[in-house]
Amino acid sequence: MSISLTENAAKHIRKSLDKRGKGIGLRLGVKTSGCSGMAYTLEFADQLEEQDQVFESQDVKVIIDPKSLVYLNGTELDYTREGLNEGFKFNNPNVQNTCGCGESFTV
């Protein structure tokens, strides 16, 4: 089981955590949503829950609940800027289909 961050993603997360002034890492998960069935969730984590899985990549902790890990195993999280748009990009080898807007996926 693995989750990784690119250098750009890690830099953006560290900068955001520093600006926020607290937090132990980034909580990554999935929820039922969108036209394809599942959507990614991202939030800062201030504490660990008992069953959380913790991965460390580029000196950043990525925290995932066991239910989400099944869908996220092997995912690389990147942070990209394209023109006026910027944001996280999920390189998830488990995805079989995405919706037209790119907001949701199926596995």
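Residues that are free of Cβ contacts under 8 Å to residues at least 24 places away in the same chain and in contact with a helix residue (DSSP H, G or I) (Cβ under 9 Å, 6 or more places away or on another chain) within segment 42-51 comprise just one, Q51. Taking segment 34-93 as the range and being assigned to a loop (DSSP other than H, G, I, E, B), of a type in the set (A, V, I, L, M) and either in contact with a Ser or Thr (Cβ under 8 Å, 6 or more places away or on another chain) or surrounded by fewer than 11 Cβ atoms within 10 Å (Cβ to Cβ) (or both) as the test, only L84 passes. Residues in segment 34-57 that are at positive phi and touching a strand residue (DSSP E or B) at 6+ places or on another chain (Cβ under 6 Å): G37 alone.
Conditions tested, residue by residue: (1) basic (K, R); (2) more than 12 Å from the chain's Cα centre (by Cα); (3) modelled with pLDDT of 95 or more.
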residue: K15; (1), (2), (3): yes, yes, yes
residue: L42; (1), (2), (3): no, no, no
residue: E50; (1), (2), (3): no, yes, no
residue: K67; (1), (2), (3): yes, yes, no
residue: V70; (1), (2), (3): no, yes, no
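Candidates are the residues of segment 1-33 that are within 19 Å of E86 (Cα to Cα) and β-branched (V, I, T); the one that is surrounded by the most Cβ atoms within 10 Å (Cβ to Cβ) is I13. For I3, are the conditions met, namely being β-branched (V, I, T) and at pLDDT 95 or above? When the stated conditions are applied, I3 does not pass them. Applying the criterion of being free of Cβ contacts under 8 Å to residues at least 24 places away in the same chain and assigned to a loop (DSSP other than H, G, I, E, B) to the residues of segment 1-32, the residue that is nearest to Y79 (Cα to Cα) is G23.
Within segment 72-107, the residues that satisfy the criterion of being among the aliphatic types (A, V, I, L, M) and modelled with pLDDT of 90 or more are L72, L77.
The values are calculated or read from the model by the stated rules, or taken from the named source; none is laboratory data. What you see is a predicted model; the values in this text were computed from it and never measured. Heads up, the Cβs are rebuilt from the backbone with ideal geometry, glycines too, and the neighbour counts pull from every protein chain shown.
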